[in-house]
Amino acid sequence: MGDGLAGRVALVTGATRGIGRAIALTLAEAGASVVVSGRDPARVAEAASTVEALGVPGLGVAADVASAEDVKRLVGEAQERFGRVDILVNNAGITRDALLVRMKDADWDEVLAVDLRGAFYASRAVARLMMRQRSGRIINIASTAGVMGNAGQANYSAAKAGLLGLTKALARELAHWGILVNAVAPGLIETDMTAALPPEAREGLLAQVPLKRAGTAQEVAEVVRFLASDAAGYITGQVIHVNGGLYM
Ligand code: NAP
């Protein structure tokens, strides 16, 4: 415990499974107090107690990032409990894959609402606290799909590309208050999200990965830990790719 983030407060959305869970536990191991969030209350409670088992304060708040009300309550509860937020990780994300001509309006709207609008809501609410603190880190979990595009994922690719634009705009806008904003763009990572991929789609992607394997949630979390640390004090507006060479 305690390599650099002791006394910091982190808020991670979508922290109950996969990449978000690995990020929450890695920041906790580094000494941060961690607010974990997701839609399922039982999973949120379990993730919060796993954080606390690492010997740091944890708080679980069930919230849907697509809901402005929920995000307001999430950030309000974090502030009430800890008085500050130093690190925001916008990780919550979903896919609703379909080829363009078969894509339903709801597929488009839901993915944009969670993957992009959710990050806007959380960043806006947390930036108000960080501006008062005159410091903070916002880390957005984007995707290789946001830079390369992915057939069958027009909604997801557009949302993740939007997240990169949001990252760069906020990096410029919030630098004045010492708030650093970056994105981490994972490639193919082993989680529930990719377990749902058809085997041929998965093999097709893996064939394009020079390292010839999928990544782990922990390999993404390590980069987030670095970006949240004092060692990353001169990095803002950047996209860090964690993809085994899929995009370079
Ligand atoms: P995952 O295993 O499906 O986990 C998603 C997490 O987000 C869960 O904790 C889920 O909890 C939560 N979540 C989903 N919708 C939410 C909502 N509306 N509000 C709040 N929380 C919500 O996904 P993952 O693979 O770890 O992906 C995490 C992030 O990495 C996503 O942004 C994804 O786009 C990105 N990413 C993943 C990969 C990959 O290969 N896995 C690659 C590139 C980028 P509940 O269901 O309980 O809400």
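Among the criteria (1) more than 9 Å from the ligand (Cβ to nearest atom); (2) part of a helix (DSSP H, G or I); (3) surrounded by fewer than 24 Cβ atoms within 10 Å (Cβ to Cβ), the one residue 24 does not fulfil is (3).
Taken over segment 226-236, the residue count meeting the criterion of being surrounded by fewer than 17 Cβ atoms within 10 Å (Cβ to Cβ) and touching a residue at least 24 places away in the same chain (Cβ under 8 Å) is 4. Among the conditions (1) assigned to a helix (DSSP H, G or I); (2) touching a residue at least 12 places away in the same chain (Cβ under 8 Å); (3) over 29 Å from residue 85 (Cα atoms); (4) not basic (Lys, Arg), the only one that residue 200 does not satisfy is (2). Of the residues making up segment 202-221, those that are surrounded by 15 or more Cβ atoms within 10 Å (Cβ to Cβ) and not polar (S, T, N, Q) are 202, 205, 206, 209, 214, 215, 217, 219, 220, 221.
Return the residues of segment 203-239 that are of a type outside the set (A, V, I, L, M), assigned to a loop (DSSP other than H, G, I, E, B) and within 12 Å of the ligand (Cβ to nearest atom); say none if nothing qualifies. Residue satisfying the conditions is 216 alone. Within segment 153-169, restricting attention to residues that are within 12 Å of the ligand (Cβ to nearest atom) and of a type outside the set (A, V, I, L, M), the residue that is surrounded by the fewest Cβ atoms within 10 Å (Cβ to Cβ) is 157. Scanning segment 172-197 for residues that are closer than 24 Å to residue 96 by Cα, among the small types (Gly, Ala, Ser) and not in a strand (DSSP E or B) yields 187, 195, 196. When you go through 69, 80 one by one, which is the residue that is farther than 21 Å from residue 198 by Cα, acidic (Asp, Glu), at pLDDT 95 or above and away from the ligand (no atom under 13 Å from the Cβ)? Going through 69, 80 in turn, just one is farther than 21 Å from residue 198 by Cα, acidic (Asp, Glu), at pLDDT 95 or above and away from the ligand (no atom under 13 Å from the Cβ): 80.
Among the numbered conditions (1) at pLDDT 95 or above; (2) under 19 Å from residue 145 (Cα atoms); (3) charged (D, E, K, R), the only one that residue 192 does not meet is (1).
For the structure I just gave you, tell me whether residue 189 is surrounded by 15 or more Cβ atoms within 10 Å (Cβ to Cβ), in contact (Cβ under 8 Å) with a residue 40 or more places away in the chain and away from the ligand (no atom under 12 Å from the Cβ). For residue 189, the condition - surrounded by 15 or more Cβ atoms within 10 Å (Cβ to Cβ), in contact (Cβ under 8 Å) with a residue 40 or more places away in the chain and away from the ligand (no atom under 12 Å from the Cβ) - is not met. For segment 143-152, the set of residues classified as within 8 Å of the ligand (Cβ to nearest atom) and part of a helix (DSSP H, G or I) consists of 145 only. Scanning segment 87-120 for residues that are more than 13 Å from the chain's Cα centre (by Cα) and within 8 Å of the ligand (Cβ to nearest atom) yields 95, 113.
The values are calculated or read from the model by the stated rules, or taken from the named source; none is laboratory data. All of these numbers come straight from a predicted model, not from anything done at the bench. Because the Cβ atoms are built from the backbone with ideal geometry, glycine has one as well, and the counts that use them run over all protein chains shown.
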